[in-house]
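Here the structure is laid out as structure tokens; the discussion comes afterwards.
The values are calculated or read from the model by the stated rules, or taken from the named source; none is laboratory data. Worth saying up front: this structure is predicted, and the values here are computed from it rather than measured. Virtual Cβ from ideal backbone geometry, glycine too; neighbours counted across all protein chains shown.
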């Protein structure tokens with residue numbers, strides 16, 4: 001095995017370099033803050049398009065879209081986080097992600113203000129969120145990390161989306 005092969009090897013969560021684990025995060029903007037989601041959870045990024053509203057869903061579930069034959073619930077992260085609402089603009093996108101474990105994965109779309117970048121994050125440099133983390137409930141925050149002199153808020157997708165959102169969305173679709 002060469003030095004390069006010994007120093008860098010692929011792993012499920014990213015790349016390991018000399019004992020340090022790195023993961024890639026897709027970052028996006030929401031109310032002037034930059035958030036990140038594990039890029040392995042991202043299925044695709046779509047421009048904003050109208051949704052079909054479903055009755056009896058939480059206020060932050062905008063509705064559903066048909067994504068190549070699959071009915072996908074769409075969540076407005078501004079509403080989910082209790083942030084001020086703004087009109088959707090040309091940079092507004094839907095990030096389609098997979099949530100859940102390997103035995104039961106679901107696809108959900110999240111409306112965000114804009115996509116930012118993809119960063120390699122050294123997981124040894126992440127820090128747990130403090131007790132109060134701005135306008136976002138820290139239960140949704142996996143960690144904080146400084147990258148390129150910016151503080152990124154790394155989100156826990158399973159807690160953010162959660163089974164109750166998926167179950168309520170599925171119930172709304174079944175009732176419609």
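A few comments on the model shown:
- In segment 71-80, the residues that are part of a helix (DSSP H, G or I) and more than 27 Å from residue 146 (Cβ to Cβ): 79
- Which listed residue is free of Cβ contacts under 8 Å to residues at least 60 places away in the same chain and farther than 15 Å from residue 44 by Cα, from 86, 74, 94: 86
- Selection count, segment 60-93, where residues are more than 14 Å from the chain's Cα centre (by Cα) and more than 13 Å from residue 161 (Cα to Cα): 21
Every residue, every condition in (1) under 17 Å from residue 156 (Cα atoms); (2) at pLDDT 95 or above, yes or no:
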{"residue": "80", "(1), (2)": "yes, no"}
{"residue": "93", "(1), (2)": "no, yes"}
{"residue": "96", "(1), (2)": "yes, yes"}
{"residue": "100", "(1), (2)": "yes, no"}
{"residue": "105", "(1), (2)": "yes, no"}
